[in-house]
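**Q** This is the structure I want to talk about, given as structure tokens.
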Amino acid sequence: MHMSKLTIGRVAQSSGVGVETVRFYERKGLIEQPIAQSSYREYPPEVIERIQFIKRAQELGFTLAEVGQLLGFADQPSTSKKEVKQLAGRKLIEIRHKIEDLQRLESTLASLHKKCSGHGTLSGCPIIESIISPDKKTVTHRMRRIKNDYS
């Protein structure tokens, strides 16, 4: 199917995102906002591929700033593969650190879960005590750190 110029609604639908996402990407400089030719803006069909690129890069864990770098690389075919590989390598290290943090958190929570009988009142509940007690700050510290990493 050949498409010439597209409305923002058509771009959003074809890209699998919402209209607000298209506008957000424009504000972030990831896609160009076309100049209105009539009463509405008309987008070139290539913008769909660009938005799909953005979404796939995000699925791989890249931030919007990193996606911007990747788009910059993609827009400059003369860019060295080394630069792309370095960016991906940094992201891979970051993801591995997050996985390690999550594994430690899982281990701690599994241990607390196992220690809790699940019967009676909260008195002596290892899960609640580990969250409340200041001397057992490791669980809440890890949870806060991981939550911040994903925020």
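The values are calculated or read from the model by the stated rules, or taken from the named source; none is laboratory data. The model shown is predicted, which means the values in this text are computed figures rather than measured ones. We place every Cβ from the backbone using ideal geometry, glycine too, and count neighbours over all the protein chains shown.
**Q** Across segment 33-58, which residue is surrounded by the most Cβ atoms within 10 Å (Cβ to Cβ) among those that are among the charged types (D, E, K, R) and within 15 Å of Val11 (Cα to Cα)?
**A** The selected residue is Arg50.
**Q** Also, I was wondering about something else. So Tyr150 ticks every box in (1) at pLDDT 95 or above; (2) farther than 30 Å from Arg10 by Cβ but one. Which box is left unticked?
**A** (1)
**Q** Can you report the number of residues in segment 53-67 which are under 15 Å from Phe24 (Cα atoms) and touching a residue at least 24 places away in the same chain (Cβ under 8 Å)?
**A** 4
**Q** Hey, another quick one. If you check Gln69, Gln86, Gln76, which single one turns out to be over 23 Å from the mean Cα position of the chain (by Cα) and at negative phi?
**A** Among Gln69, Gln86, Gln76, only Gln76 is over 23 Å from the mean Cα position of the chain (by Cα) and at negative phi.
**Q** Output the residues belonging to segment 69-123 that are surrounded by 11 or more Cβ atoms within 10 Å (Cβ to Cβ), polar (S, T, N, Q) and in a loop (DSSP other than H, G, I, E, B).
**A** If the condition is that a residue be surrounded by 11 or more Cβ atoms within 10 Å (Cβ to Cβ), polar (S, T, N, Q) and in a loop (DSSP other than H, G, I, E, B), then Thr79 is the only one that fits.
Listed here are the residues, each with its yes/no results for (1) touching a strand residue (DSSP E or B) at 6+ places or on another chain (Cβ under 7 Å); (2) more than 21 Å from Ala74 (Cα to Cα); (3) not in a loop (DSSP other than H, G, I, E, B).
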position	(1), (2), (3)
Glu20	no, yes, yes
Tyr25	no, no, yes
Glu32	no, no, no
Glu49	no, no, yes
